[in-house]
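So the structure is just underneath, and the comments pick up after that.
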Amino acid sequence: MTRQSGSSTRIRATGKRRRKPSRRRRATVIAAWTAAGVVVVGGAGLGYAYVKLNGNLKAVDINAALGKNRPADVDNGSQDILVLGSDSRSGANSAYGVDEGTARSDTAMVVHVNKGHKTASVVSIPRDTLVTRPDCTSDTTGKTVAGQQRAMFNTAYEVGGPACAVKTVESMSGIRMDHYVEVDFTGFKKLIDQLGGVKITTTQAIDDSKSHLHLQPGTHTLDGEQSLGLVRTRKSVGDGSDLGRIQLQQAFVKALMEQAKSVGVFSNPKTLFDLADTATKAVTTDSDLGSVEKLTGFATGLKGLGSKNVTMVTMPVQYDPADPNRVIPLEKSAQQVWTALKHDKPIPASATEKSAGDKGVAGKVVR
């Protein structure tokens, strides 16, 4: 697999889990939406800084890595994008913890943009979901990594890099991913602070010693540090699980999308450049989006998409009877979700009614 312009070598895992995961890694998907939001609201305005921003981008050739053994490429105007947040500590990420030679995808969202590009559905895949991981090719050794049953979803990225993560999602869903976006968390706080913070309203107090977030009920403008605290909060809201944290993240993403559109990015070239500079440094894309020109063209088609037009759900799951720290897909319900996306239809409410990820109250804490 080839990494393009501005790439750095990512040290691959031996399978060893980090002893002390960074408190910031849960927030990586928020940076993805910030980057996407900046590009979307900026549109063609990014062109004036083409050379600088183009040099920031990193890309991987997913198509070459996976070949032709993939779901059909349906050309109906809709798009499916896999957004991943990795917990790598290599390079600049060493500020968030010691690099022990392993990286996994701790946050994953399948973003389906409908064929009219006026609405979108986002399906979060819990990192601890036990799945059947297909055979993959290591992006560091080039050797085949045997598939595995009851493998944690986030190990796909660890053993085979971006291509294996995409292959696993495509195997689960039966949907071909048109694009891939991977997010680095180093620019997260700066992005939020450059946006002037993000306004959220809490319906109850949040007092979480683990995330170091302490908020009274009411409306708050969170800076970067507080935003990191919010998206890692779980013990003090909902059922205290990662499923509840996903709900908080989804609520925050919507608030972030609105904030990105309200800060005058259109009218302020410096604001646009500062945000775009940080955002393009924070993401790795597939090679089809691996230039400012391509990314801008992609974003231009999404200008009409606002947070009110985005539906967010968690892939239907239940707690694993054999291990309460893991979840397994509710196969019939999950298939309802994937079928809806495949046919460019709204996700039916019935698909998530029985899901453990739809029963928490964390998402109601923030609005």
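Derivation of every value follows stated rules applied to the coordinates shown; laboratory data play no part. Note that the structure is a prediction, hence the values are computed from the model and not measured. Please note: Cβ atoms are built from the backbone with ideal geometry, for glycine as well, and neighbour counts cover all protein chains shown.
Proximity of backbone amide H atoms, modeled 1.01 Å from N, is registered between THR285 and LYS58, ALA59, VAL60, GLU182 at under 5 Å, excluding neighbours fewer than 5 places apart on the same chain.
Were the residues from THR132 through THR201 laid out at 0.36 nm apart, the gain over their Cα-Cα distance would be 20.9 nm. Annotation for segment 159-261: trypsin sites (Lys or Arg not before Pro) lying in DSSP loop with at most 13 further Cβ atoms inside 10 Å of their Cβ are LYS210. At full extension, ASP323 and GLU258 could sit 19.5 nm farther apart than now, given 0.36 nm per residue minus the alpha carbon distance.
For the cross-link pairs LYS118/LYS308; LYS118/LYS364; LYS189/LYS210; LYS118/LYS345, the ones whose C-alpha atoms lie over 20 Å apart are LYS118/LYS364. Between ALA349 and THR141, the C-beta separation translates, for a Förster distance of 56 Å, into a calculated FRET efficiency of about 0.80.
Under 5 Å from the amide H of SER78 lie the amide H atoms of LYS115, each residue being 5 or more positions distant or on a separate chain, with H modelled from the backbone and absent for Pro and chain starts.
Charge tally for ASN114 (other residues, Cβ to Cβ under 10 Å; Lys, Arg +1; Asp, Glu -1): +2. Remark: segment 295-306, residue by residue, has Karplus-estimated 3J(HN,Hα) of 5, 5, x, 4, 5, 4, x, 10, 4, x, 8, x Hz, where x stands for each Gly or Pro and the curve is 6.51 cos²θ - 1.76 cosθ + 1.60 at θ = phi - 60°.
Residue-wise HN-Hα couplings along segment 198-215, as the Karplus relation 6.51 cos²θ - 1.76 cosθ + 1.60 with θ = phi - 60° gives them from phi, are 10, 8, 9, 10, 9, 8, 8, 5, 10, 9, 10, 5, 6, 8, 6, 10, 9, 10 Hz; Gly and Pro carry x.
Summing charges over all other residues whose Cβ lies under 10 Å from the Cβ of ASN325, with Lys and Arg as +1 and Asp and Glu as -1, gives -3.
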